[in-house]
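Enquirer: First, the structure itself, so that you have it in front of you.
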Amino acid sequence: MSSKSDIIGETGLQFFGKVSASISHEIKNVLAIMNENAGLLEDYTHMLENGKPINTELFKTLAGKVLKQIQRADGIVKRLNRFAHSVDNFAMSVDLVEIVTFMVELSHRSASSRGVSLEPSASTGPVKITTNPFFLQSLIWLCLDFAMDMVDNGKTIGIITEEKERCAWIRFTHLKGLTGISIDEFPSEREKALLSLLKADLTVDVNAGEIVITWPEA
């Protein structure tokens, strides 16, 4: 296997592991909250058994909290299922707008822990390209991870997806920290290998504070 293939394979495995770990942590949080609610339910039951009156609204409130966590868990599992199926096809037609939105959802926990907000937007309708969806997600994940270090704490990273000049574009904006990086710092060999595989280009516009990924002839 070539050096570039090694880098791509390692990057893909690391990406899969990090996302899986993040999702499993979310599921553990849901289970912890449900466990707390189960403890409350047990306490209420003991109180009733001991002849102490319990307002029925407490049970209704508790049931509502449990239902909310079930719905939350359902959403998490659906994201996990979609992510797992992204490895099913080596090349397929995808909508960049949908992929970016999905990656923002997967990156929410990481962004929140770093005090950063992510704001996806699209200046056009669907932006279709034929590519490898898993490694595309890997590339966007790496760009988002780097961008989070290039924006001030409490600030927002804009992620704009658009089609113009017959090209597909993803722009990561409001990255004032780019002025302090060296020319060789980003993209690294990992991003370069993925860009080659995905037939995409990446530019770092220090003056505009943007990282831009483009696909020609989208």
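The values are calculated or read from the model by the stated rules, or taken from the named source; none is laboratory data. Because the structure is predicted, anything quoted here is derived from the model rather than measured. Quick reminder, even Gly has a Cβ in these numbers, built from the backbone with ideal geometry, and neighbours come from all protein chains shown.
Enquirer: How many residues, within the stretch 182-191, are surrounded by 13 or more Cβ atoms within 10 Å (Cβ to Cβ) and in a helix (DSSP H, G or I)? Don't jump to the end; show me each part of the working.
Expert: Our first condition is that a residue be surrounded by 13 or more Cβ atoms within 10 Å (Cβ to Cβ); within the stretch 182-191, this holds for 186-188, 190-191.
From what's left, in a helix (DSSP H, G or I): 190-191.
So the count comes out to 2.
Enquirer: Can you find a residue that is out of contact with any Ser or Thr (no Cβ under 6 Å at 6 or more places or on another chain) and under 17 Å from residue 15 (Cβ atoms) anywhere in the stretch 151-158?
Expert: no
Enquirer: Let me ask another. Of the residues 161, 173, which single one is of a type in the set (Val, Ile, Thr), touching a Gly at 6+ places or on another chain (Cβ under 6 Å) and crowded, with 17+ Cβ neighbours inside 10 Å? If you could, list the steps in order and put the result at the bottom.
Expert: Numbers: 161 fails: touching a Gly at 6+ places or on another chain (Cβ under 6 Å).
Within the list 161, 173, the selection yields 173.
Enquirer: Continuing with this model, one more query. If the requirement is being modelled with pLDDT under 95, in the same structural domain as residue 205 (by TED's automatic domain parsing) and closer than 20 Å to residue 101 by Cβ, which of these qualifies: 123, 182, 138?
Expert: On the way: 182 fails: closer than 20 Å to residue 101 by Cβ; 138 fails: modelled with pLDDT under 95.
It is 123.
Enquirer: Pull up the stretch 47-73, narrow it to residues that are part of a helix (DSSP H, G or I) and over 43 Å from the mean Cα position of the chain (by Cα), then point me to the one that is surrounded by the fewest Cβ atoms within 10 Å (Cβ to Cβ).
Expert: That would be 49.
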